[in-house]
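**Q** One structure follows; several queries about it will come next.
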Amino acid sequence: MPQLIAIDYGSKRTGIAVTDDLQLIASGLTTVSTTELIPFLKEYAQLNKIEAFVVGEPKRLHGEASDIEVEIKTFLEQLAKEFIGVQIHRIDERFTSKMAFDTMLKSGISKKKRRDKSLVDKISATLILQDFLNYR
């Protein structure tokens, strides 16, 4: 079965998570520079079959789109052109960064590692993907 890939898009860096081949479990894959995101995904897709992308939809507290949504829409257009036939889903990602940080605290990750924003991004992507799996 093909994998699902979650993307926690950011201006500077982007967290990526994937499912196992049975699409039961979401796991953090990596964090990449956003400028390298499409090349990374193309390389990954050469080695793994991808069924769909799940892209976080950042919203403010009251539901309106956040400022980065403009960048994300441009990215989504590029993603659709590069991966013809691969589904793209959006899922509300409010509070995923806070939940990721809380997860790191509860798991005993050291203070030094908790400062690593790339780890937060990867965990956030994992939470986005797990939410999608639970929703569907």
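**Q** Looking at the structure I just gave you, is ILE88 at pLDDT below 95 and among the hydrophobic types (A, V, I, L, M, F, W, C)? Let's see the steps before the verdict.
**A** On the way: at pLDDT below 95: no; among the hydrophobic types (A, V, I, L, M, F, W, C): yes.
Criteria not met by ILE88.
**Q** Regarding ASP121, is this residue at pLDDT 65 or above and either assigned to a strand (DSSP E or B) or under 20 Å from GLN3 (Cα atoms) (or both)?
**A** On the way: at pLDDT 65 or above: yes; either assigned to a strand (DSSP E or B) or under 20 Å from GLN3 (Cα atoms) (or both): yes.
In short, yes.
The values are calculated or read from the model by the stated rules, or taken from the named source; none is laboratory data. Note that this is a predicted model, so its numbers are computed, not measured.
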